Amino acid sequence: MKRIKKLFLGTLIALPLIYLILIIVAYLPYETTPIEELAGEQDKFIEVNGHTIHYTKQGTGKPLILSQPDTSYWRLGEPFAKAWNIGKKYKANKVS
């Protein structure tokens, strides 16, 4: 019984300490990579009202503007564009 109490007490002490360490690590400064370094040759950037907007132009045909609803990585939609042959039917302008 004493062993279980010691284990329980050790867990009660260790969990808040681990949580505190995780919070401290989360707020440590870190180096970010500029988005321009991650971009490929087809990626373009435009400055609008102090914000950098990324866009690409692909395909031929009627213009089509594709916009993603969140700030996730812009290449996530490429498998869908290829599956639907968007580049053959439309001149796709992807904005993120």
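The values are calculated or read from the model by the stated rules, or taken from the named source; none is laboratory data. Given the structure is predicted, the values throughout are model-derived calculations rather than measurements. Backbone-built Cβ (ideal geometry, glycine too); neighbour counts: all protein chains shown.
A few remarks follow.
- Whichever residue in segment 70-95 is modelled with pLDDT of 65 or more and not in a helix (DSSP H, G or I) and, among such residues, is surrounded by the most Cβ atoms within 10 Å (Cβ to Cβ): LYS94
- Residue selected from segment 3-44 under the condition within 17 Å of the chain's Cα centre (by Cα) and not in a helix (DSSP H, G or I), by the criterion surrounded by the fewest Cβ atoms within 10 Å (Cβ to Cβ): GLU31
- Verdict on THR56 being surrounded by 10 or more Cβ atoms within 10 Å (Cβ to Cβ) and within 16 Å of VAL95 (Cα to Cα): yes
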